[in-house]
Each structure stands twice: as C-alpha cells, then as structure tokens.
Amino acid sequence: MELELRGITKRFGLLAANDGISLSVAPGQVHALLGENGAGKTTLMNVLYGLTQPDEGEILIDGKPARFGSPRDAIAAGIGMVHQHFMLVPVFTVADNVTLGIEEAGRSGLLDRRKTRRDVADLSHRYGLDVKPDALVEELPVGIQQRVEIIKALVRQARVLILDEPTAVLTPAETEELFRIIRQLTGAGTSVIFISHKLREVQAIADTITVLRRGQVVGQRTPPVTEDDLAALMVGRNVQLRVSKDLAKPGEVVLDVAGLTVADAGGLPVNGLSFQVRAGEILGIAGVQGNGQTELCEALMGLRPTTAGSVTVEGHDLTRASPRSRLRAGVAYVPEDRTDDGLVGSFSVAENLVLDMYDRAPYSSGINLNLAAVRENAAARIEEFDIRTGSAATAAGTLSGGNQQKVILAREVGREHKVLIASQPTRGLDVGSIEFVHRRIIQQRDHGVAVVIVSSELDEIYALADRIAVMYEGKITGFRDPGVPAAELGRLMAGGADSTGIPGAVVGADGVTRVDDGGEPPAPDEPPAPDEPAAPDEPAAPDEPAAQDGQPAQEEA
Amino acid sequence: MTTPSPATPAAEPQAGRDRSFGEHLRDAIQDSTVTVTVLALIAAVVLGGLLTAFTNNAVLHAWSDFFSAPGNAIAKAWDAAAGTYVALFEGSVFNPHDVAALFQQASISTAIHDNYLSKVFYPLSETAVQATPLILAGLAVALPYQAGMFNIGGQSQFIGGAIMAAWLGYAVNLPFFVHVVVCVLGGFVGGAALGWLAGEIKARTGAHEVVVTIMLNYVMQYFLAYLLSSHSLMQAPGGSNSITQAIASNAHLSLIAGTHLRINVGFLIALACAFGVWWLLNRTTTGFEFRSVGANASASRVAGMNVERNWALVMAIGGGLAGLAAASVIMGTDFTLNPQSYGTYGIDAITVALLGLGRPGGVVAAGLLFGALHAGSPGMQTATGTPVQIVQVIQALIVLFVAAPPLVRTVFRLRAARARGVSTSMSKGWNA
C-alpha cells in the first residue's frame, strides 16, 4: 500500500502544529519521523489515524484520496497505530485484548475464542513475535506488551503501522528485538512509520527519514546520514536572529556548579555536571531536549533533590537551600514551562509580577499586602517591558505567550539578582517577542549578571551565548566558543566524544582546533576549575565577532 | 458557552467600553457561575414545590379526578406547594400576622413588654441562629478550597471543637467574659488540631486529604461516643445518658436581642469570621500564598512558596473555623454535648461552601438561606403537614443543580432559546 500525505496543515488557534506537511511512504519501507517534542509528529499521526481532521491537505492511499473521520475509518483503510502508552486491558489475556472491539461470535452466539487464539499464534509464529495467546497482559514485560499492540494492528489487516516513540519504554535489548520484528514486517510488505527523537535508532532502522521542526518538514534524508546532520536539522538554524551584542566583559565567577548529580527512577538525568559562569557572561547550554536540561534547572533552583555535587553563588553554598532562599540569594529564574511553573494563570498580571516578592517590602508590611505598591509595580513593569495587557488586573493566563514571558522576565529581573537562569526562554514565541527577550537577556549580561541560557534551539544559543556547553545524557560533552560550526555542536549533541581530546582546547570560529596556551583569563586570581572538560576560562572576547558574522554556511538543502 | 444568557441583562451595559478579550471572558464566566447558581436555586424550588404537591394526599386525590375536574387538581397542587413555601417564609423571615398584631398595640411600650416585638423578629432570629454554625462550617470548607484542598472533615473538626468548648465550659471556673473567650478559643484550637492533622498528613505523605478527613470523621465520631460513655471522662455525673454536664452560665454566648430571642454573639462571630477570611485571602501575604498554591501549586513552588506548609496551615485554620461552629452550637443553643451534637454540619458545610461558590460572601448568603430553610421547616410541618424532610430534599436538589452546571444550562438554555426576544418578560418571570 502506498500512503501519501499532501500539504497537511492543522492549526490550534494561531499555532500551526502541522504546516503544509507532505510525505509518502512506500510499501515495505520504514519511514522515520524525527523531531523534537512539539515539532508536530504526534499531531500528524493523529491526523493520519483519524483522531483529528486536518484544516488543509489530503491523505492519499494508492493514489486515491481518503477521508478519515475516526480511527475506525483509518483502521478500515489499513492503518494501524501502536501508541506510546499501550491501549491494553491488563487483566485480559493476549487473545482477548486482540479481539476486543472486533469480537466475532461463533455459530452458538458465543465468542469464538479459538479462532482469535489461532490468529494470534499464527501471527506470532510468522513474525517471530513469541507471544502466547493465553498469557495475561499484566504479567508480560513491556516489550511483549508492545508486540501485543502490533498483533492487534496486524489482525485488523494493517498495512501501514504507525509506531509512536516505540523505544521510549524499551530496554536496549528489547529495542534490538523490535528492530528485528520491524524488518520482518517490512519484508512481508507492511510499511512502518517510526516516530522518534532518537537519532541513533532512526539511523539504524529507517529507509527514509523526514525531519519535522515547528510543524514543518525541514529536511528529508536517506541513510546513510550522519547524526550531526540530523541533529542540526532537528534543532534548526534557519531563522537568523540578529540582536546586536557587545563583547562580553566577564568578571568574577558567580555561579559555580560542581559535580551536580540528580537521580530518578530511570537513572541519572544529571550526571556529575560541572560548570562556572562569570559575572557579565552568558553560558548557553545546548542540547537535544530530554538530555537532562529540565532536571538540571530544577536542581539549580532547589526544586529537585540532588544526590551529589554543589551549587555555589558568590561563594555561598546553596546546595541544600530551599527555592526561596535561592531566590533571595539573587538567583532569577525563567522556567521552561511558563504556564505550569512560571505563572499562576488565574492570577492578575499585577499579582504575577510579585509572585516571588509579595512577602517583601514594599509589597507587604507584616502580613498585610500593600495592594497600592503591587499596583504601582505592575504599572511600572508593564510600561518598561511593553507588556500588552488590557490592564494590570487582567488574568495572566489570557495573555499571549510572548506577553506571559515578558511578565515572568519583568518579575525575575525586577528584583535584585546576580544570576539569571532561563530555560527555553523563547519557546513558542513569535519573532518579535524572541528579539525582545533576547535583548533583555543581553542587557542583563551587560549589567554584570551571570546568565545561564538552556535552549534546544541552536539559533538562540548562537544569538546569546558567550560560551557554549553541550549537554548529552546528563553530562556536558564539551565547551565551545560561540563561533563553533553547527556541525561540531551537532556532533556533541549526538553524544560524540570531545574530539579535541586536549584539555583546554577550544574549537574556534574557523573550525581550527587551537590549544589554549594559557591565554590570560580575565580574572587571573581565579584558579581554573580542574573538573571542567574544556577551557571555561578562555576569554570569549577574541571570538566574539564570529558570533555575528562567522556563522557557518547553512547545511540544509 | 460563555455568552451571557438572556436572564442576565446586567452584563450588557459594560460591553460597550474598550476592554480586552480576557476581561470579557472572565466576566462572562463569573456571571455565568452566579447565574447558574441562581437558576439552580430556582430549579430546586420548583422541583421541591412539585414534590410537596405530589406527596400531599389531598392533591393526589384531586389528581385522581383530573379528567373530570382538571382545574381543581391544578389548584390543589398549587395550594399545597405555595402553602408550604409561605409557611417556610413565615417561619424564617416574618409572619404578617405577627406584624399586624404589633401595630394593633396601643403603645410601643406595651408592644415591647408583651413580646409582640420579639415575636415579629423571632423568625429572623431563628434563621440567624441556624445560620451561625452553617456559615462557620461553610467557611471551614471554602477557605481550604481556595488553597486547593477539599475539606470533607468538617464533622471531625466540629467534634474536636465541641469537645474542647464543652469541657472548658463545664470543667473550668472563670469570670463571665474571660470564660466565653477561653471556650471560643478552645473550640477553635480543637478544630484546628484536627484540620492541621489532615493537612500535615497530606504534606508529609501525600495521602489525599479527602480520604484522610473522611477517616478522621469516623475516628472522632467514635472517640466522642467513648468520651461520653464514661463518668471518668466526660459523661455527666449521676446518670447514664451519653451527655455532658451543662456548661457554666458564664460560658454562654450573650444574647443580643433580649431574652426572648435566641440570636446571640455567635452570629456576629460568624459574620466577623467571614470578613476575616475575605481579608485573609485578599489582603494578606498568607492568603496570597493560599490562593497561589490553590491555583497553581507548581508555579507557587517555583516562586519559593512552601506548598506543604500552606496545606497544613490552611487546613488548620479551616478546622479552627469548624471548631468555632461547634462552639457556637455548644455555647449558644445546646449548652451540653451529646453524641448527636455534630448533626449533619459536616455535610451541610460542603453544601453551603458549594452554593457560596467558595467565596466568603457567598458562604454567608448560602448559610443564611439554609439557616432560613432549617428555621422555617418546623412551622411548615405544623401549618401544612409537609414533612420537615422536604427541606433536606430541596437542599439536596440545590446542591445537585449547583454541582451540575451543564444540567442547569440544558434546562434553562432550552427555555431561553425558545423565549428569545421576550427576555424581559422572562426575567420578570424569574422575579415573580
């Protein structure tokens, strides 16, 4: 079966989750959809599976247009989906789960269980699935449950199988098994759409790779393809953001993070991570989403317990401090998820502007709130940050994303602070707001604030950072100058080793590896941190113009 | 969904001004909750009227002859329902006969001396007396609700407050004013301890407050029964009834409108508490934290608030308010404590808070309404033979309708749609 999507567009309000996406899947092929969270992969598959209707575009099956009003239509057309979260009844047997929804009655009017069992056994044998029809689903390991989902689709005559992040829940060994099964399926003529954000897996299994970014197809590749290339495509560099920026004048080390480790049920999302940030410099932490950036920020703010390492601000140890004492110690924080963590949506703009200062003068005296001071502050901030709101009493949740972000930024930089940690500060914002936010962040740097920007957008990293750290699987795989080619960052983001291998080496704007021959650090009395893999003390200044002009040529076709 | 229904023309005059979409949206939502609440009341009253009519034997008899005398059947039904509501009104607000009697007196002094004046105000006094614990207990649910906590433990907190207030009332000897203050504070502390316990358990272990408070209700119910079963504990000496001694007269809440009316300082305390809760929520840093934690715990945590501490604190204050409800009953009307003292206050509190939309002003209004229903129901039963339980049915219907806005919207949207264009007459119809 030949499946084709033509110009699929799906809008949610102003946001185009899918913007004119076209792709075709040939029979017996594995077509990988690669993209970060929010790139539009899931929306596209929901369109294909009949869960949502596209605003524009069409789906063609063997050249004929098809309309899927519901999953039932999609299934009838031969499309099967294995969701990331399995849709199985745990207390039913495999056979019962497979037959659920398409139960066939025998002559007696009872369920024909024998036939289902036989079907399951047949399919299991044919594709080497090793699934027993009478096993209870709840007793099966996750990898086998996934195969039950695959059997469910096959029993319904699926000829295109959509696997949504199928490896997210699997161990490496189970992943290998899944790949073997996928190859058997494609060998038998079934097509597979493989959704993932894991570069290595996509490379290993796909015949064609389509990369989505911000709802658009940004590139198509046919393996062999380098992971660097894919990473660069995924995070993208096609929007040129030009915010004029003077050379950084780094001062003393303000924020010192040493050996920070965060443990959770799944492992070590942050694994012995170290970096320093000086006053008046911006450290950009780049990396593909889900490599521990969220956990790092939360650990820095005391929102997540750490198991090892330390966090110091101007010599004050904050490793065990509460979020409030960190804020009081002068850490400003722009969280990644602004609606969940940054704002109280039902509170007014004025209230949100004092959300972490309401208990300090002049906003309160004793336990009394000083509403006049809160209002005055709101008026001043709204003016200063050009927050577009009906009034200070408007609920913050009703503002646009850009204006919400301005509220958060206005609040955080409005109080005394020495460090600014901003995570994905411009995610989902329009270009105008992005520029505004970037300008404000650079302004902070120029006022001598030590700034950490965590972003999965390379554009943003290039636009802001005076120094770039790349994060991969909870570790920093390298520090680089802002003039570094995107391909090099892509390599580091894909887990590539720090190829220079020379302590203190820096890859400059020209891509030439130089050895730091003891170039004068701006603060000579500050001993170089021994635990940093690259040279954090390399002054950013000499390479600075490269950040503006020396950006490597675009790699996208 | 948020377009103002024709029944709320008041929303229209503001529409012309230059206002943001957000403000319009918010107003529409707020209006619609108030509208829905009012319509829910109306729906419940109508349904309650139908119920009273069709549980009345005379009405049923008339309806069996419906086809020969349909007018009679409908008139009988109307009489039964109207009579019930009139009796309710006379028992809870004022009775025209008593007012007439007052004005027939020769002089004001005789009117006062012979209690004609008291008689006029008796229904209102009873409404206030009934409303007092309802308002306080309603606040005990409404305040934690603002912080995102659902306090089902009104009963246990009430019992905690009752035990403290009653014990301090009979076992301690203090001068008049001091004794009242001590007992009231004791009631607050008794309730607060149980509220705090539930909040603290949630803060430390994550156990859901609904489950914890419900279980504490059972614990306290049986603990009270145990206390009242032994002379060495709280049982009154010289008897085997499960009841405490009467509290000292020094610990009685002062009457505020003469000896013939039961209305007492407790009612003023309840109003003061409602104002206090409003002030706490809207004018203090503590209330700011409560509301923030309730609206978005995650952002509150990021902003440096201690979410868990807020849970424990808001439940303690809420519990304290339920304890005050108990104090108002023990020290204002009952003067002893028995195993039934807590009545249905725990559940009624939820009802009152729900009807009051979780806001202090709303709780006062809802408390007064339910207080009026309680105060009027005995008179209603005497006058019309309608069982007292009908009041509970009406209460339950109100809650049902308030809790299910789509139901109300469906019921009234249909009629509103049909009557579009004649909305003025419709809104008159509501007022009639």
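Tabulated results
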{"quantity": "Packing-based ranking, highest mean first, of B:360-373, A:296-309 given that Cβ atoms within 10 Å are counted", "calculated": "B:360-373, A:296-309"}
{"quantity": "Note, ³J(HN,Hα) from phi for region B:281-291, Karplus 6.51, -1.76, 1.60, rounded to Hz, x at Gly and Pro", "calculated": "5, 9, 10, 10, 5, 4, x, 4, 5, 3, 5"}
{"quantity": "Rounded tilt (10° steps) of A:172-187 against the dominant C-alpha axis of chain A", "calculated": "50 degrees"}
{"quantity": "Label-point separation in nm, A:A380 to B:A272, each point 7 Å along Cα→Cβ", "calculated": "3.9 nm"}
{"quantity": "Gain on full stretching of the segment that runs from B:A404 to B:H231 - 0.36 nm per residue minus C-alpha separation", "calculated": "57.5 nm"}
{"quantity": "5 angstrom amide H check on A:M471, placed H, neighbours 5+ away", "calculated": "A:A286, A:G287, A:T477"}
{"quantity": "Relative contact order (%) - region B:124-374, alpha-carbon pairs under 8 angstrom, separation at least six", "calculated": "43 percent"}
{"quantity": "Label-point gap, in nm, between B:F67 and A:S365 - each point 7 angstrom along Cα→Cβ", "calculated": "8.2 nm"}
{"quantity": "Nearest 10 degrees, 0 to 90: helix A:401-414 Cα axis against chain A principal axis", "calculated": "30 degrees"}
{"quantity": "Accessible area expressed per residue, region B:124-374, with surrounding protein chains retained (probe 1.4 Å, Å²)", "calculated": "37 Å²"}
{"quantity": "Residues B:T110 and B:I74, FRET efficiency given R0 of 41 Å [Cβ-Cβ distance, rounded to 0.05]", "calculated": "0.35"}
{"quantity": "Chain A: antiparallel DSSP beta bridges as a percent of all, rounded to 5", "calculated": "55 percent"}
{"quantity": "A:Q157-A:D134 pseudo-label distance in nm [points 7 Å out on the Cα-to-Cβ vector]", "calculated": "3.1 nm"}
{"quantity": "Relative contact order of chain A, defined on C-alpha pairs under 8 angstrom at six or more residues apart (%)", "calculated": "14 percent"}
{"quantity": "Förster radius 25 Å - calculated FRET efficiency between A:H85 and A:R118, Cβ distance, rounded to 0.05", "calculated": "0.30"}
{"quantity": "Part-to-part distance (alpha-carbon centres) for region A:374-438 and region B:169-234, which is given in Å", "calculated": "47 Å"}
{"quantity": "Note, ³J(HN,Hα) from phi for region B:135-140, Karplus 6.51, -1.76, 1.60, rounded to Hz, x at Gly and Pro", "calculated": "5, 5, 5, x, 5, 5"}
{"quantity": "Accessible surface buried once A binds B (1.4 Å probe; total of both sides; Å²)", "calculated": "2200 Å²"}
{"quantity": "Chain B, relative contact order [Cα under 8 Å, separation at least 6], %", "calculated": "28 percent"}
{"quantity": "Set of region A:267-284 residues, backbone N closer than 20 Å to the point 7 Å along the Cα-Cβ line of A:E314", "calculated": "A:276-283"}
{"quantity": "Surface accessible to a 1.4 Å probe, A:Y472 within the full protein complex, Å²", "calculated": "40 Å²"}
{"quantity": "More than 22 Å apart - percent of Cα-Cα pairs taken over region A:357-484", "calculated": "45 percent"}
{"quantity": "Extension gain from A:A173 to A:L111, taking 0.36 nm per residue of separation minus the Cα-Cα distance", "calculated": "18.7 nm"}
{"quantity": "Rg ratio (alpha-carbon, reference 2.2 N^0.38 Å) - chain A", "calculated": "1.09"}
{"quantity": "Cα principal axis extents for region A:75-118, largest first, Å", "calculated": "37, 29, 16"}
{"quantity": "Carbon and sulfur %, accessible surface of the protein assembly as shown computed with the full protein complex present, 1.4 Å", "calculated": "58 percent"}
{"quantity": "Shielding by partners, peptide A:77-90 (average Cβ within 10 angstrom, other chains)", "calculated": "0"}
{"quantity": "Inter-chain Cβ neighbour average for residues A:316-324, partner chain, 10 Å", "calculated": "2"}
{"quantity": "Shielding by other protein chains, A:342-348, mean Cβ within 10 Å", "calculated": "5"}
{"quantity": "Residue with peak Gaussian network fluctuation, chain B [Cα springs, cutoff 10 Å], from B:S292, B:S229, B:S109", "calculated": "B:S109"}
{"quantity": "Gained length - B:T259 relative to B:V178, 0.36 nm times residue gap less alpha-carbon distance", "calculated": "27.0 nm"}
{"quantity": "Ordering of A:80-92, A:480-492, A:435-447 by packing [mean C-beta count within 10 Å, highest first]", "calculated": "A:480-492, A:435-447, A:80-92"}
{"quantity": "Protection proxy ranking, peptides B:176-183, A:193-200, average beta carbon neighbours within 10 Å, highest first", "calculated": "A:193-200, B:176-183"}
{"quantity": "Subset of A:K418/B:K202; A:K249/A:K406; A:K152/A:K198; A:K198/A:K249; A:K115/A:K198 violating a 29 Å alpha-carbon distance limit", "calculated": "A:K418/B:K202; A:K198/A:K249; A:K115/A:K198"}
{"quantity": "Relative intensity, log₁₀ I(q)/I(0), of the protein assembly as shown from a Debye sum that treats every alpha carbon as a point, q = 0.06 Å⁻¹", "calculated": "-0.63"}
{"quantity": "Degrees, to the nearest 10: A:142-155 long Cα axis against longest axis of chain A", "calculated": "50 degrees"}
{"quantity": "In Hz, Karplus ³J(HN,Hα) per residue of region A:454-468 (6.51, -1.76, 1.60; θ = phi - 60°; x = Gly, Pro)", "calculated": "9, 8, 9, 9, 5, 3, 5, 4, 5, 5, 10, 6, 8, 8, 10"}
{"quantity": "Region A:240-391 - Kirkwood radius from inverse mean 1/r over Cα pairs (Å)", "calculated": "17.9 Å"}
{"quantity": "DSSP-defined antiparallel bridges as percent of all bridges, the protein assembly as shown, nearest 5", "calculated": "60 percent"}
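The values are calculated or read from the model by the stated rules, or taken from the named source; none is laboratory data. Small disclaimer: the values here were computed from a predicted structure and weren't measured. In this analysis, Cβ positions are derived from the backbone assuming ideal geometry, glycine residues included, and neighbour counts consider all displayed protein chains. Protein only, heavy atoms only, side chains kept; ligands, DNA and RNA dropped before computing areas. Shrake-Rupley method; radii C 1.70, N 1.55, O 1.52, S 1.80 Å.
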